Amino acid sequence: MAETKKIAVIAGDGIGPEVVAEAEKVLQKVGEVFGYSFETEHALFGGIAIDEKGTPLPQETLDVCKRADAVLLGAVGGPKWDNNPKELRPETGLLGIRKELGLFSNLRPAVVFDCLKDASTLKPEVLEGTDLMVVRELTGGIYFGEKFRRETEHGQEAVDTCAYNVTEVERIARQAFDIAMKRRKKLASVDKANVLETSRLWRETVIRVAEEYPEVELEHVLVDNCAMQLLRRPSSFDVIVTENMFGDILSDEAAMLTGSIGMLASASLGEGSYGLYEPVHGSAPDIAGQGLANPIATILSTALMLRLTFGYGEAADAIERAVAEVLDAGHRTSDIAAGRGDSLSTTQMGELILNAIRK
Ligand code: NAD
């Protein structure tokens, strides 16, 4: 039996508990099939934590996360807390947890499953073979730089500062190169080096780090061009690395190639192998409690956890294969059914995937 891995499980609000329950069953099954041992500890976060503990991110939740090797998160938020003051909003907890756990990068894979090509707004022949990963810097850049307003002779002026230092760029670049080494060994570094000083430092630094990874083919793409190329030749990308705001925009664009938000996984990583894994979607209050949520995004996030934090690539492959097999057999939850055939409930979809997991 392998060493026991500790996972903090934070189900959150809305459909969070529904989709996380399916992912936990998958973890258990993977343990049985591959001989891995997982220990889960549950904690409150988001709206439910506001209701029960008076804060979206209780200290005990952070303690549970810090004791663990990885965190599995559902989703937080909902109309009940929308009008709360900032410190009592579930989303404030999201920023807090990333900061407290030192998570400086966000990874979003965009994989187009052959049988779901029709769900995208792009032509199937353009999407063919698309399997890319956007690595976004998460704690620097314009979102975190100094912000202020001042009076000028032309009225009020607002300023947002974009800053990056070499250390911040180096660590995200290394992470992206490491990921590229485990994939098809191609990295596109996205910047705006023709205009921005931060981008020129970004590019110089990435070029220097690239010397440590002679096997990885590196290209530099300007952000505006990247936005176009993602729609024109998505399958030519393997790993894309970029700064915070560019990554925010490009990862949403890349996500839409796949057609459905219920399919999109993500990982947020810090130093070492520690990571927080969550679906890209939110708490979907409109369908919460009805058993309609697609659990695949959360199940695929669990596969990312197995691969990136625990190095259990074989088990991650088995989960991804199981998902593809179930989809290929024509099974769908309502979000990806496109009006065709019966649609499955959250637990029915979870069950089918569970049964398809094998060595
Ligand atoms: P959302 O992702 O929750 O929902 C958008 C649409 O997609 C809805 O119609 C929903 O039913 C559908 N959808 C989402 N996930 C689905 C799934 N797994 N299966 C089937 N359909 C799915 O985004 P929203 O409506 O903008 O936000 C709802 C709440 O979630 C808000 O309070 C928001 O702040 C929060 N939110 C949280 C996170 C997070 O926890 N990381 C992320 C985004 C939004």
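At-a-glance table
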item	result
Charge sum, other residues only, whose C-beta stays under 14 Å from R358's C-beta, Lys/Arg counted +1 and Asp/Glu -1	-2
Links that overshoot a 19 Å alpha carbon limit, given the list K80/K147; K6/K66; K117/K359	K80/K147; K117/K359
Descending semi-axes in Å of segment 84-146, equivalent ellipsoid built from Cα gyration tensor	34, 15, 11
Kirkwood-based Rg to Rh ratio, segment 130-244, C-alpha trace	1.06
Exposure proxy order (Cβ contacts within 10 Å, fewest to most) of I15, I353	I353, I15
√(5λ) per eigenvalue of the Cα gyration tensor, the chain, largest first, Å	31, 26, 21
Segment Q290-I207, length gained on full extension (0.36 nm per residue, minus Cα span)	24.9 nm
R0 of 25 Å, Cβ-Cβ distance D252-M181: FRET efficiency to nearest 0.05	0.45
Segment 170-231 shape via C-alpha gyration tensor axes, a/c threshold 1.5	oblate
Cα Rg, Dmax, segment 1-109, angstrom units	14.7, 49
Fewest-first sequence of H154, H331 by Cβ atoms within 10 Å of each Cβ	H154, H331
Fraction of alpha-carbon pairs over 21 Å apart in segment 107-197 - percent	56 percent
Binned Cα-Cα distance frequencies in segment 208-297 - 5 Å width, integer %	3, 10, 17, 18, 20, 16, 9, 4, 2, 2, 0
Residue exposure sequence - T4, T139 - by fewest surrounding Cβ within 10 Å	T4, T139
Whole-Å distance, taken between Cα centres, linking segment 285-359 and segment 18-46	14 Å
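Values quoted throughout were computed directly from the atomic coordinates according to the rules given, and no laboratory measurement underlies them. This structure is a prediction, so every number in the text was calculated from the model and none was measured. Positions of Cβ are generated from backbone atoms using ideal geometry, with glycine treated the same way; all protein chains shown enter the neighbour counts.
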